[in-house]
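Below is one structure; the comments refer to it alone.
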Amino acid sequence: MFYKLSLCLLFLIFLGNCNASLTPTDCVFVDGPYKYDLTNLTGKTWSYSDGPDSVDYYFSICGPSSICTNLNNNVPSSVCKITTNQFIELGETSTGKFIDNTIQGQGTILRYFTTSTICSGLPTFVFINFDCQPGQPNIVTGVQDSNPCQIQIYVSGESSCPFAN
Ligand SMILES: *[C@@H]1O[C@H](CO)[C@@H](O)[C@H](O)[C@H]1NC(C)=O
């Protein structure tokens, strides 16, 4: 019993703030002298089609995606993958959290995870990487999923750029 409780606590500490739930109104992240305000990227479902095997990724920034949530029995979901015959939930909305980018000022990273079983009981993480491209349109530039437990999504454009904090 105590052992189980300690494991659970460890798990909570490892994942950080488990109950963080970002909404479009607090889609702002401060990283030292930089402030990211991604509000302009919220309120829609973005998609990315990964090659000819018709794996489609859907995601929303700082809020649930209607496509993912509908297929997830209405449990708020921000990231999902749909293949020809399968729906896979990848990021519960309640887990959304900004994390520091290794290159300060170049962009930020929004992390989601899901505790479903695809990674042998461990969480599957999705990192949405925002790449500042001044004056450029906001687009999804790619998805890297060679490690299915650590999926990288890349978004670039003007709205990923920081303001002075
Ligand atoms: C959101 O987009 C509008 C219109 O392009 C722009 O004027 C505004 O500065 C943007 N806001 C942020 C926080 O990037």
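Numerical summary
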read-out	value
Residues satisfying the stated conditions in segment 51-82, i.e. within 13 Å of the chain's Cα centre (by Cα), assigned to a loop (DSSP other than H, G, I, E, B) and among the small types (G, A, S)	S60, G63, S65
Residues within segment 98-130 that are touching a Gly at 6+ places or on another chain (Cβ under 6 Å) and more than 18 Å from G32 (Cβ to Cβ), tallied	3
Qualifying residue in segment 43-50 (condition: assigned to a loop (DSSP other than H, G, I, E, B) and within 16 Å of the ligand (Cβ to nearest atom))	yes
Test: D100 is in contact with an Asp or Glu (Cβ under 7 Å, 6 or more places away or on another chain), surrounded by fewer than 21 Cβ atoms within 10 Å (Cβ to Cβ), modelled with pLDDT under 95 and under 18 Å from S159 (Cα atoms)	yes
Complete set of residues in segment 115-165 that are loosely packed, with under 13 Cβ neighbours inside 10 Å, of a type in the set (S, T, N, Q) and away from the ligand (no atom under 16 Å from the Cβ)	T117, S120, S146, N147
Complete set of residues in segment 17-42 that are part of a loop (DSSP other than H, G, I, E, B) and either surrounded by 12 or more Cβ atoms within 10 Å (Cβ to Cβ) or at pLDDT 50 or above (or both)	C18, N19, A20, S21, L22, T23, C27, G32, P33, L38, T42
Residue among F113, F87, F98, F130 that alone is assigned to a strand (DSSP E or B) and free of Cβ contacts under 8 Å to residues at least 60 places away in the same chain	F87
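The values are calculated or read from the model by the stated rules, or taken from the named source; none is laboratory data. Computed from a prediction, not measured in an experiment: that's the story for all the values here. Note that each Cβ is placed from the backbone with ideal geometry, even for glycine, and that neighbours are counted across all protein chains shown.
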